[in-house]
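Each remark here refers to the structure printed beneath this line.
The values are calculated or read from the model by the stated rules, or taken from the named source; none is laboratory data. Since the model is a prediction, treat every value here as computed from it, not as a measurement. All Cβ positions, even for glycine, are placed from backbone atoms using ideal geometry, and neighbour counts span all protein chains on display.
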Number of protein chains: 2
Amino acid sequence: MKASQFFISTLKEAPAEAALASHKLMLRAGLVKANASGLYTWMPMGLRVLRKVENIIREEMNRSGAVELLMPVVQPAELWQESGRWEFYGKELLRFKDRKDADFCMGPTCEEVITDIVRREITSYKQLPKNFYHIQTKFRDEVRPRFGVMRAREFIMKDAYSFHADYESLVRDGYQPMYDAYCRIFDRLGLNYRPVAADTGSIGGTGSHEFQVLAESGEDVIAYSDASDYAANVELAPTLPLSGSRAEARAALEKVHTPNVKTIAALVEFLDIPVETTMKSIVVEGEEEGGIVLLLLRGDHEFNDIKAEKLAGVKAPLTMAAPELIRAQFGADGGSLGPVGFAGKVYADFALEKGADWVIGANEDDYHFTGFNFGRDAVEPEFVDLRNVVEGDASPDGKGRLKLARGIEVGHVFQLRDKYSKALNASFLDNNGKAQIMEMGCYGIGVTRIVAAAIEQNNDECGIIWTDAMAPFTAVIVPMNYKKSEAVKAAADKIYAELSAAGVDVLLDDRDERAGVLLNDSELLGIPHRIVIGDRGLKEGTVEYARRTDSEAQSVAADEAVAQLLAALKS
Amino acid sequence: MKASQFFISTLKEAPAEAALASHKLMLRAGLVKANASGLYTWMPMGLRVLRKVENIIREEMNRSGAVELLMPVVQPAELWQESGRWEFYGKELLRFKDRKDADFCMGPTCEEVITDIVRREITSYKQLPKNFYHIQTKFRDEVRPRFGVMRAREFIMKDAYSFHADYESLVRDGYQPMYDAYCRIFDRLGLNYRPVAADTGSIGGTGSHEFQVLAESGEDVIAYSDASDYAANVELAPTLPLSGSRAEARAALEKVHTPNVKTIAALVEFLDIPVETTMKSIVVEGEEEGGIVLLLLRGDHEFNDIKAEKLAGVKAPLTMAAPELIRAQFGADGGSLGPVGFAGKVYADFALEKGADWVIGANEDDYHFTGFNFGRDAVEPEFVDLRNVVEGDASPDGKGRLKLARGIEVGHVFQLRDKYSKALNASFLDNNGKAQIMEMGCYGIGVTRIVAAAIEQNNDECGIIWTDAMAPFTAVIVPMNYKKSEAVKAAADKIYAELSAAGVDVLLDDRDERAGVLLNDSELLGIPHRIVIGDRGLKEGTVEYARRTDSEAQSVAADEAVAQLLAALKS
């Protein structure tokens, strides 16, 4: 492609609204253009990247045996009412009425539509398993669209839905092949990612992995082992009971005056003690009306409400106890609470089990206890997992220690089981002629988001750094003075023709711009391989070749540049 | 592709709601599946056809120099308010509010969005001309979605928008290259089509051609010359003044009693005269308040309101005169009107100019005149073009005679001129540094509709007949008893492997179905080339080869079948 026949539109500065590196760079490189909040046009340069991502996804989906179709963007309300999500789904589901006052929505996902199709098309176990996918525009009316295409309202998703006669087939013929295909896709795209065990969230069902591209700006935190493949969303990674025996109690229980100390930070500062010796109290509503449950954590640990919600006797959804209830039960306000004298159910985090001589609220405003010990000063609580893991915790698989990293979720595989197939009565006749509800899995990839995530992971002060697989162009030829120097033009045209003939996706930047502009743009655009052609080099029969990641270009004989670039592409 | 790894779902009978052949066949062949009124899923078989159409369009658009991008489906109201279409566009524009109560619409077309992008991106004549296109989901909230994907609400369109420094460039660099690309696209798809001159309708601007696929079920009527390339929508084709001199008046003006005769059909029957001797009167409002204009046509001719609306003195939009006004002016009701004694403006159709002794209303209820002659019985009217052309009319280009055919509009090229660029102030600096408004063209192809139109044009009692270019699979191998006969399986697998290796898009129908089902499906699905493999033939070393259009299959040596099919594909 010649630049003059294409459309390159770069900016020196990113618009002020862009905060994230990928958002800034996508706007500066002219990959996308905002049309409204959370709505983007993929400009010609960006669309080339998007299509390369799509093609890799499509190839690997087909290889896995999934069959492509194309469901509509607009979906009838009836199906969502049948699944129950018409009411349940929040405002992210954009609902509207057509001219006949019938209810519709813009599809944020397609479980209902595909399940409706499958229940009409598949009637026998002989037709199972089957995995359908499409690559299609989705819409979610985000309350705060941000970070460019990373969290846009309109976006492109690859979503697949597999249907099975039983759970074994779901795992064997659906979930695992999709998991493997996702690994191949993200490998081919050259992304640094991890599949992590994940919560299934509002979509329901059991069994789920997220595919997280590691990047400092990621919204998700991942815990992974330094000695095994273990990885999970930090909210989901369990902590283990500590081994060994409990430390000996050395101090006596002593009440100390701590005026206006309401937080762990204030307590640590006021008493000048290590935070690891403090304990914090969280009071939540119990399952029984008016009941409460006391949850204890080490002062520096982060409370995990997903874990707490699953404890016996705790009300779901998790609800913090009201201040009046707390005062009535403890005789003190939040910030001065503790287990001493509390007769209700107490859960304490595993991290508290082996310690002694804790500092804790005295159930009297402005007072704390030092030298608190379980068993001696209050009954032994039930020790459970109540907190988020931290770096250095033992890996739950028993191998190594956990590290934390931030990630951007680009894919997700779910075992939905019968959540939708039951609601929509998607049944089949098994080999005994008996009607059974299908088992179902769903598998999503954020196609447009991948582009942003890749940039977030791979950029420098000059711009984007693409892998060969995702780059809008694999190589760029930058001729200095193409319009005026016949020698440069001839050399550039020759190399362009040869690379094109060899099937390389090459851009000849024949724009009538200063050399500095062309060179800066080639770096901003992140094109992996660059050949610079100038009169000075040509006098000695050379051109310059550099990878985008090279700190310096190398001088290459002009008639060997193509061979060298082809060799670099193969390696 | 093996059928067992794909998804074939055919029906013996089409659902009752399908009236059109293409709609019936698309449902029976399992190309699409309805999700709601006017909303369809493209099933795997249909999607393969759609992608082939898309790819041919994309190749020819790229060849023409157009640059692909991707605009969003959801569009902000602001841009539509700026162009004035937010108010003007009818209920086909699906408007809705997002969670923040801001107005949006589902894009039925993208003039506003692209013009907004271009006014921000293009500032200099050096960046012009430029032609941007995308292939994208559109939505039009049709009052009566019907005929399957032929008139769906959600559909896929290729829309291109070109921008130019002046009108000459619009024609030379935009309109003509697009016209040519469209011809190449429809040629490659193997469609019998005509580019026809067309009205520009509500989109505005001047200069437009429709691309019509000829089919008896088409909603549009096309007039074309039997001796030249001339073709136009029947509403737009002009009629020419008749040559020669007027026939001599032989009869005297005579008033005859015609009780209850209110129509030309009744008049012709009552007086037992040829319809070609009658004249009908149409009364429309004039430009001046309360004024009327009398329009005269031959009794058998169809009134053309587009032509009438453009006449001097006639009110636009064209408005039929109210019955009270007619009675006040003529002293009679519609059905008994004529020019005798009428003092206002009279236009008569060219077809009336050379005739004599007409039968016409007498401006008295239940009475007509016979023997009416212009000039003698009423003043000479102004002779103009007032009617739709009919078969046998002279072609407007002076070459041959017109024929009529029905067509399905699959493409449209428009010279928009400055309609949108002016409203949105899309200006550029010319080579004198002076700001100028861009000239603009727009070019659409109904991608999903093409699939239906092709079927409408090419089908028989057994099913669809695809061209090689559009077929979901180019060839199908039908093995009789694939699961049980090892010889058949071996021969089928071998031919499948060889055709696949040769790059042929081949389907091996390995479904465990009776031979009759497989054969019928291959015809219903319209796959252009078929190889049938059975034990009986294999004993003599033969298989059967047939094109979809062949009435009988031919016996071919099994080891020559691949070569024969490849030769047929090349021819």
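Enumerate the strands (runs of 3 or more DSSP E) found wholly within the stretch B:117-217, keeping only those where 3 or more residues are touching a helix residue (DSSP H, G or I) at 6+ places or on another chain (Cβ under 9 Å).
Values: elements: B:130-139, B:154-164, B:193-197, B:208-214.
In the stretch B:117-217, the matching strands (runs of 3 or more DSSP E) lie at B:130-139, B:154-164, B:208-214.
Kindly provide the set of residues from the stretch B:510-535 that are assigned to a loop (DSSP other than H, G, I, E, B), under 35 Å from the mean Cα position of the chain (by Cα) and basic (K, R), ordered by number. Result: no residue meets the conditions. A:I135 meets the conditions (1) touching a residue at least 24 places away in the same chain (Cβ under 8 Å); (2) surrounded by fewer than 22 Cβ atoms within 10 Å (Cβ to Cβ); (3) within 25 Å of A:D418 (Cα to Cα); (4) at the interface with chain B (Cβ under 8 Å from one of its Cβ atoms) in every case but one. The failed one is (4). The residues in the stretch B:541-571 that are touching a strand residue (DSSP E or B) at 6+ places or on another chain (Cβ under 8 Å), assigned to a helix (DSSP H, G or I) and in contact (Cβ under 8 Å) with a residue 24 or more places away in the chain can be counted, and the count is 5. Is one or more of the residues making up the stretch A:482-496 surrounded by fewer than 16 Cβ atoms within 10 Å (Cβ to Cβ), among the small types (G, A, S) and modelled with pLDDT of 95 or more? Within the stretch A:482-496 (the criterion being surrounded by fewer than 16 Cβ atoms within 10 Å (Cβ to Cβ), among the small types (G, A, S) and modelled with pLDDT of 95 or more), the answer is yes, since at least one residue qualifies. Within the stretch A:100-140, the set of residues being over 22 Å from A:E82 (Cβ atoms) and under 21 Å from the mean Cα position of the chain (by Cα) comprises A:Y133, A:I135, A:T137. Against the condition of a type outside the set (A, V, I, L, M) and either over 30 Å from B:R144 (Cβ atoms) or at the interface with another protein chain (Cβ under 10 Å from one of its Cβ atoms) (or both), how does B:G84 come out, does it pass? When the stated conditions are applied, B:G84 does not pass them.
Can you pull out the residues in the stretch A:469-484 that are more than 18 Å from A:S9 (Cβ to Cβ) and in contact with a helix residue (DSSP H, G or I) (Cβ under 9 Å, 6 or more places away or on another chain)?
Hits for the stretch A:469-484 are A:A469, A:M470, A:T474, A:A475, A:I477, A:P479, A:M480, A:N481, A:Y482, A:K483.
On the basis of being away from chain A (no Cβ under 13 Å), under 16 Å from B:D505 (Cβ atoms) and within 24 Å of the chain's Cα centre (by Cα), does B:K52 make the cut?
Values: away from chain A (no Cβ under 13 Å): yes; under 16 Å from B:D505 (Cβ atoms): yes; within 24 Å of the chain's Cα centre (by Cα): yes.
Yes.
Residue count for the stretch A:53-88 satisfying the condition of being touching a residue at least 60 places away in the same chain (Cβ under 8 Å) and part of a loop (DSSP other than H, G, I, E, B): 7.
Of all the residues in the stretch A:335-362, those that are part of a loop (DSSP other than H, G, I, E, B) and either surrounded by fewer than 21 Cβ atoms within 10 Å (Cβ to Cβ) or of a type in the set (A, V, I, L, M) (or both) number 13. Restrict the check to the stretch A:53-62 and report whether at least one residue is of a type in the set (S, T, N, Q) and either surrounded by fewer than 19 Cβ atoms within 10 Å (Cβ to Cβ) or assigned by TED's automatic domain parsing to the domain that holds A:L508 (or both). The answer is yes, given that some residue of the stretch A:53-62 is of a type in the set (S, T, N, Q) and either surrounded by fewer than 19 Cβ atoms within 10 Å (Cβ to Cβ) or assigned by TED's automatic domain parsing to the domain that holds A:L508 (or both).
Against the test of being out of contact with any His (no Cβ under 6 Å at 6 or more places or on another chain) and under 23 Å from A:E382 (Cα atoms), the options A:A232, A:A321, A:A266 yield a single qualifying residue, A:A321.
Remark: pairs (first residue in the stretch A:209-236, at positive phi; second residue of a type in the set (V, I, T) and modelled with pLDDT of 90 or more; Cβ separation under 6 Å; 6+ apart in sequence or on different chains) are absent. Taken together, the residues in the stretch B:536-558 that are aliphatic (A, V, I, L, M) and either within 42 Å of the chain's Cα centre (by Cα) or surrounded by 21 or more Cβ atoms within 10 Å (Cβ to Cβ) (or both) amount to 3.
For A:M71, state whether it is at the interface with chain B (Cβ under 7 Å from one of its Cβ atoms) and crowded, with 21+ Cβ neighbours inside 10 Å.
Details: at the interface with chain B (Cβ under 7 Å from one of its Cβ atoms): yes; crowded, with 21+ Cβ neighbours inside 10 Å: yes.
Here the answer is yes, as A:M71 does meet what is asked.
The set of residues in the stretch A:278-301 being assigned to a loop (DSSP other than H, G, I, E, B) and modelled with pLDDT of 95 or more consists of A:G299, A:D300, A:H301. Taken together, B:E142, B:E168, B:E154 contain a single residue that is surrounded by fewer than 21 Cβ atoms within 10 Å (Cβ to Cβ) and within 14 Å of another protein chain (Cβ to nearest Cβ), which is B:E142.
With the condition kept exactly as written, say whether any residue in the stretch A:327-334 is surrounded by 20 or more Cβ atoms within 10 Å (Cβ to Cβ), of a type in the set (S, T, N, Q) and more than 32 Å from the chain's Cα centre (by Cα). Can you show your working first?
Taking the stretch A:327-334 first, the residues surrounded by 20 or more Cβ atoms within 10 Å (Cβ to Cβ) are A:330.
Keeping just the survivors that are of a type in the set (S, T, N, Q) gives none.
Taking every residue of the stretch A:327-334 in turn, none turns out to be surrounded by 20 or more Cβ atoms within 10 Å (Cβ to Cβ), of a type in the set (S, T, N, Q) and more than 32 Å from the chain's Cα centre (by Cα).
Could you tell me whether the stretch B:103-116 includes any residue that is out of contact with any Pro (no Cβ under 7 Å at 6 or more places or on another chain), among the hydrophobic types (A, V, I, L, M, F, W, C) and at pLDDT below 95?
Applying the first criterion (out of contact with any Pro (no Cβ under 7 Å at 6 or more places or on another chain)) to the stretch B:103-116 yields B:103, B:105-116.
Checking which are among the hydrophobic types (A, V, I, L, M, F, W, C) leaves us with B:105-106, B:110, B:113-114.
From what's left, at pLDDT below 95: none.
No, the stretch B:103-116 has no match at all.
Scan the stretch B:244-279 residue by residue and report those that are closer than 24 Å to B:R327 by Cβ and without any contact (Cβ under 8 Å) to a residue 40 or more places away in the chain. Across the stretch B:244-279, the qualifying residues are B:I264, B:A265, B:A266, B:F270. Filtering A:L507, A:L538 for residues that are out of contact with any Ser or Thr (no Cβ under 6 Å at 6 or more places or on another chain), outside any loop (DSSP other than H, G, I, E, B), over 29 Å from B:Q127 (Cα atoms) and outside the structural domain of A:M26 (by TED's automatic domain parsing) leaves a single hit, A:L538. When the test is whether a residue is out of contact with any helix residue (DSSP H, G or I) (no Cβ under 6 Å at 6 or more places or on another chain), at pLDDT 95 or above and not small (G, A, S), A:T448 does not pass it.
Is the stretch A:140-150 home to any residue that is in contact (Cβ under 8 Å) with a residue 12 or more places away in the chain, assigned by TED's automatic domain parsing to the domain that holds A:V49 and within 16 Å of A:G411 (Cα to Cα)? Yes, the stretch A:140-150 contains at least one residue that is in contact (Cβ under 8 Å) with a residue 12 or more places away in the chain, assigned by TED's automatic domain parsing to the domain that holds A:V49 and within 16 Å of A:G411 (Cα to Cα).
Identify, from the list B:F88, B:F96, the residue that is surrounded by fewer than 21 Cβ atoms within 10 Å (Cβ to Cβ), out of contact with any strand residue (DSSP E or B) (no Cβ under 8 Å at 6 or more places or on another chain) and aromatic (F, W, Y). Before you say what the answer is, go through the steps one by one.
Details: B:F96 fails: out of contact with any strand residue (DSSP E or B) (no Cβ under 8 Å at 6 or more places or on another chain).
One residue alone meets the criteria, B:F88.
Looking only at residues that are among the polar types (S, T, N, Q) and assigned to a loop (DSSP other than H, G, I, E, B) in the stretch B:458-481, which one is modelled with the lowest pLDDT? Taking the candidates together, the pick is B:N481.
Only one entry of B:K419, B:K399 meets the criterion of being among the charged types (D, E, K, R) and under 30 Å from B:M279 (Cα atoms), and that entry is B:K399. Residue by residue through the stretch A:306-325, note down the ones that are in a helix (DSSP H, G or I) and surrounded by 18 or more Cβ atoms within 10 Å (Cβ to Cβ). Residues satisfying the conditions are A:K307, A:A308. Of the residues A:I531, A:I437, which single one is crowded, with 19+ Cβ neighbours inside 10 Å and of a type outside the set (F, W, Y)? One residue alone meets the criteria, A:I531.
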